[in-house]
Amino acid sequence: MDALIEPLQYSFMQRSLVIAVLVGLVCSLVGSYLMVQRLALLGDAISHSVLPGLAIAFLLGANIFVGAFMAGILSTLAIAWIRTRSPIKEDAAMGIVLSAFFALGITLITAIQKDNKIDLNHFLFGNILGVTAADVRDTAIIAAIVLLVVGLLYKELLFYTFDPQGAQAVGLPVNLLNFGLMALIALTVVASLKAVGVVLVLSLLITPGATAYLLAPRLHQVMALGAGIGIFSSVSGMYLSYWFNLPSGPAIVLVVSGLFILALLFSPRHGVLTQPNQVVQPSPVWRELKMLFKRP
C-alpha cells in the first residue's frame, strides 16, 4: 500500500493520475466506435496527422492543443476529398494523408528544434509524468466535450455505427454523424498527446475496446468495460513508469496489450485456451500449401 501512496505525495504524480484517468476513459469510449466500424486505420491516420498543427501552433505561440485539433480535422477533410473526387479507395487515401502529414510534422519539429533548445519528441511517445496544470485543464475540457457529445448522441451513433444505410433511410444526418465521430477522434488524440504520444495513441484507442469485445456481447457493455480497462492500463503504466524509470507511453501500451493477450487466451466466450474444442478453420494459405505439396 505504501508503494501506491508514496508517489502521490508529489504534485506531478497527482497531475499524471488525473491525465491517466481522463485519457484512458475517452480513448476507450471513442475507440469502441472505431473498432466496431473497422476504422482502426482512420484513428492511426488522424493521430499522425496532428503533428503539423502542433508544430505550427508552437511556432505561432498559440495553444498546441488547438493547432493539433485543427490539423486532425483537416486530415479527415483531406481523406474525404480524395475519396469522393477520385477513384482512390478510403484505405489508400488514409495512407496517403497519414504519411504526408506525419512527414510534414516531423520536418517542422526537426526545424523548430534546430533553432530552439526545446524537446518536442515527447509528443511522439508521450511523457505523462511531465504534464503541467494547464495540460490537466485542457485535457479535462476536451474529455468533458467528448463525454457530453457521446452521451447526447449515443443512440444516433449506435444506429449509424451498426447500420449506416438504415440510419440514412430513417432520416438521420449520417454525413454530420460521420464528421462528428471524426472530430471526436481528433479531440481524443489531442487529449492523449502528453500521455502516450501520437505514435502509440492508436493502441489506447483500439486495444481496450478490443479486449472488452472479447469479454462482453453488447456495445454499451464493451464501452463500459473498455473504459475500465483503459483507465486501469493508464494508471498502471504511470506507476510502472515511476517505479522503474520507463517511458510512460510505452509502459501504458504494454499494460493494455498484456490485458488483451490475457483476454484472448482466457475469455469465457472466445478464449483460445478456454474454448479448446472450438472449430478453427485452417489458414487459406496453409491449405493451398498442403495442396501444393500433395500434387505428384
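We did not get these values from a lab; they are worked out from the coordinates using the rules stated. Only a predicted model underlies this, so the values are computations on that prediction, with no experimental measurement involved. Quick reminder, even Gly has a Cβ in these numbers, built from the backbone with ideal geometry, and neighbours come from all protein chains shown.
Between residue 155 and residue 41, full extension at 0.36 nm per residue minus the direct alpha carbon distance yields a gain of 38.6 nm. Mean residue ellipticity at 222 nm, helices only, the chain: -25500 deg cm²/dmol; runs of at least 4 DSSP H residues each add -39,500 (n - 2.57), and the sum is divided by the number of residues.
Once Rg and the Kirkwood radius are both taken over the C-alpha atoms of the range 93-228, their ratio Rg/Rh works out to 1.03.
Taking 0.36 nm per residue of separation and subtracting the current Cα-Cα distance, fully stretching the chain between residue 224 and residue 100 would add 41.1 nm. On the principal axes of its alpha-carbon atoms, the range 39-98 has extents of 40, 22, 13 Å, going from largest to smallest.
Where in the range 19-86 are there trypsin sites (Lys or Arg not before Pro) that are in a DSSP coil and have at most 15 other Cβ atoms within 10 angstrom of their Cβ? Don't skip to the end; give the middle numbers.
Values: sites: 38, 83, 85; in loops: 38.
When the trypsin sites (Lys or Arg not before Pro) of the range 19-86 are filtered for loop state and at most 15 Cβ neighbours within 10 Å, 38 remain.
For the Cα trace of the range 111-165, dividing Rg by the Kirkwood Rh returns an Rg/Rh value of 1.24. Neighbour counts of other Cβ atoms within 10 Å put 150, 131 in the fewest-to-most order 150, 131. Quick one, what does Rg over Rh come out to for the chain if you take C-alpha atoms and the Kirkwood Rh? So for the chain, dividing Rg by the Kirkwood Rh gives 1.02.
Taking 0.36 nm per residue of separation and subtracting the current Cα-Cα distance, fully stretching the chain between residue 288 and residue 275 would add 2.0 nm. Among 84, 161, 188, sorting on how many other beta-carbon atoms sit within 10 Å of each Cβ, with the fewest leading, yields 84, 161, 188. Among the DSSP helices (H) of the chain, those spanning at least 20 angstrom by Cα along their long axis with an average Kyte-Doolittle hydropathy of -0.5 or more are 11-36, 64-85, 90-115, 133-152, 174-191, 197-213, 219-244, 248-266; this is a geometric and hydropathy rule only. Here the range 81-103 and the range 145-207 have alpha carbon centers that stand 19 Å from each other. Model label points for residue 6 and residue 90, set 7 angstrom from Cα along the Cα-to-Cβ axis, are 5.0 nm apart.
Report, to two decimal places, the Cα Rg of the range 1-136 normalised by 2.2 N^0.38 Å (N = number of residues). Can you show the working numbers first?
Values: Rg = 17.6 Å, N = 136, 2.2 N^0.38 = 14.2 Å.
Dividing the Cα Rg of the range 1-136 by 2.2 N^0.38 Å gives 1.24.
Entry note, the chain: relative contact order of 27 percent, from Cα contacts under 8 Å with a spacing of 6+ residues. Given R0 = 30 Å, the distance between the Cβ atoms of residue 243 and residue 113 translates into a calculated FRET efficiency of 0.50.
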